[in-house]
Amino acid sequence: MKRNYKDILDNKLSINSYIWPNDKKPFEFIETVLKAEINNIGLHTDFIENYGINKLKQELVLNNINVTSINSVGYFTDPFYFNQNEKILNYAKILNPDLICVITGGVLGGPNPISQEIKRKNSYLDLKSIREDTLVKLNTLFSQAEKLNLKLGLEPIGGWEILKKGHFNSILSCHKLIKNSTHKLIVDLYHSFEDIDLDNFLKKSPNLGLLQFSNISFDQNYRPIGRKTINSQNNIDNIDIPKYLKILFNRKDNLKIEFEVFQTDIYENPKDIILNLKKELLNIL
């Protein structure tokens with residue numbers, strides 16, 4: 001018997017506010033999500049601040065919208081972004097997300113562009129000492145979150161972005177960091193599509209907290225360079241999106257799937273992408 005994927009998507013589908021341009025009124029994102037009958041959203045800091053934290057909280061409660069993620073804390077290698085962590089944790093205490101995304105930061109700082117504040121001690125990338133320092137800071141962040149009764153979601157970052165985004169890059173390495181805590185992993189297909197542990201982790205691990213997904217753009221040298229939307233024009237899949245969504249749908253828990261593309265990734269009207277997302281997913285499932 002064919003599964004009712006529409007009902008599953010009604011429950012599990014989320015869309016991240018990264019898709020929404022800064023020059024568009026943020027309340028229109030909420031209006032569009034409601035019109036698309038999507039019941040979950042991911043939020044990023046610029047969107048929260050553009051909307052206003054208290055107004056946004058009221059809107060979410062009024063419309064019974066669940067927050068799957070707040071993005072992001074961490075950035076342990078970059079003084080500017082690292083110093084935003086406490087503020088973002090306080091936003092999360094108000095908005096009550098399922099998870100707060102943790103990005104470890106690039107070995108030269110980050111996110112993008114590479115921070116100019118980073119002072120190199122020598123001409124080598126000292127990954128060992130950088131990772132050791134991050135472990136100390138990560139455990140402190142765990143404690144801060146636990147005092148606020150918040151859950152973090154550590155995200156493995158594709159190794160091709162080690163300089164500017166994340167220096168813990170595999171599911172296995174990130175799993176070791178959270179497996180003895182109450183925190184989870186956020187697995188983003190863009191960053192983990194080639195990870196040898198991906199399928200088994202998605203199928204079986206109790207430490208999975210959220211799956212983020214999109215199609216993937218590759219450059220002329222076949223390197224991943226960004227995200228693509230899901231539609232009939234570009235849906236010659238670079239990764240098997242239906243397979244991974246179905247893995248999540250077959251789990252016994254109620255984990256969400258969060259569609260994440262950035263403003264710089266899209267050429268279509270973001271409203272149209274949001275309004276058509278369920279239909280496009282149903283076409284490929």
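Before moving on, here are some points about what is shown:
- Only one of the listed residues (LEU177, LEU248) is in contact (Cβ under 8 Å) with a residue 60 or more places away in the chain, surrounded by 14 or more Cβ atoms within 10 Å (Cβ to Cβ) and either assigned to a helix (DSSP H, G or I) or small (Gly, Ala, Ser) (or both). That residue is LEU248.
- Qualifying residues in region 141-156 (those that are part of a helix (DSSP H, G or I) and in contact with a Ser or Thr (Cβ under 8 Å, 6 or more places away or on another chain)) - the one surrounded by the most Cβ atoms within 10 Å (Cβ to Cβ): PHE142
- Within region 1-18, the set of residues being in contact (Cβ under 8 Å) with a residue 24 or more places away in the chain and out of contact with any strand residue (DSSP E or B) (no Cβ under 8 Å at 6 or more places or on another chain) comprises ARG3, TYR5, LYS6, ILE8, LEU9, ASP10, ASN11.
- Residue in region 222-243 that is in a helix (DSSP H, G or I), within 23 Å of ASN71 (Cβ to Cβ) and in contact with a helix residue (DSSP H, G or I) (Cβ under 9 Å, 6 or more places away or on another chain) present: yes
- Which listed residue is over 30 Å from PRO26 (Cα atoms) and not β-branched (Val, Ile, Thr), from ASP219, ASP188, ASP265, ASP272: ASP219
- Positions within region 163-174 being within 18 Å of PHE193 (Cβ to Cβ), buried (at least 19 other Cβ atoms within 10 Å of the Cβ) and of a type outside the set (S, T, N, Q), in sequence order: LYS165, GLY166, PHE168, ILE171, CYS174
- Just one of the listed residues (TYR81, TYR91, TYR18) is within 20 Å of GLN212 (Cβ to Cβ), modelled with pLDDT under 95 and part of a helix (DSSP H, G or I), and it is TYR81.
- ASP23 being part of a helix (DSSP H, G or I), at negative phi, free of Cβ contacts under 8 Å to residues at least 60 places away in the same chain and surrounded by fewer than 20 Cβ atoms within 10 Å (Cβ to Cβ): no
- Candidate set: region 94-132, residues that are more than 21 Å from the chain's Cα centre (by Cα), over 21 Å from GLY158 (Cβ atoms) and not in a loop (DSSP other than H, G, I, E, B); chosen: the one modelled with the lowest pLDDT: SER129
- Within region 58-78, the residues that satisfy the criterion of being of a type outside the set (Phe, Trp, Tyr) and either in a strand (DSSP E or B) or under 18 Å from ASP46 (Cβ atoms) (or both) are GLU59, LEU60, ASN66, VAL67, THR68, SER69, ILE70, ASN71, SER72, VAL73, GLY74, ASP78.
A quick yes/no check of all residues on (1) more than 15 Å from ASN11 (Cα to Cα); (2) touching a Gly at 6+ places or on another chain (Cβ under 7 Å):
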site	(1), (2)
ASN39	no, no
THR45	yes, no
ASN63	no, no
VAL73	yes, no
THR77	yes, yes
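The values are calculated or read from the model by the stated rules, or taken from the named source; none is laboratory data. Nothing here was measured: the structure is a model prediction, and the numbers come from that model. Because the Cβ atoms are built from the backbone with ideal geometry, glycine has one as well, and the counts that use them run over all protein chains shown.
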